[in-house]
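The values are calculated or read from the model by the stated rules, or taken from the named source; none is laboratory data. The model shown is predicted, which means the values in this text are computed figures rather than measured ones. Glycine also receives a Cβ, built like all others from the backbone with ideal geometry; neighbour counts cover every protein chain displayed.
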Amino acid sequence: HINAHGTSTPLNDAMEAELIAGLFPHRPPVTAPKGVLGHTLAAAGAIEAAATVLTLEHGVVPPVANLDA
């Protein structure tokens, strides 16, 4: 799965989605914790690393909050 940067800004999210689609045509699951937590700045890396570890440990990819697909 991919833990996207996902800042919930239209330009950033569109560019990131286009890049992911181009690099991974098999469409892996994507999550982005910032949709739930907001951007926690200096703590973001640690929080997202912990979320990724939990995802791998439990085999469940969390949904993306407020996703407008």
- Query: Which condition number does Thr7 fail, the rest of (1) at pLDDT below 90; (2) more than 10 Å from the chain's Cα centre (by Cα) being met?
  - Reply: (2)
- Tell me, which helices (runs of 4 or more DSSP H) wholly within the chain include 3 or more residues that are free of Cβ contacts under 8 Å to residues at least 12 places away in the same chain and either in contact with an Asp or Glu (Cβ under 7 Å, 6 or more places away or on another chain) or exposed (fewer than 14 other Cβ atoms within 10 Å of the Cβ) (or both)? 10-23, 44-58
- Output the residue which, of all residues in segment 15-69 that are farther than 15 Å from His5 by Cα and among the acidic types (Asp, Glu), is farthest from the chain's Cα centre (by Cα). Glu57
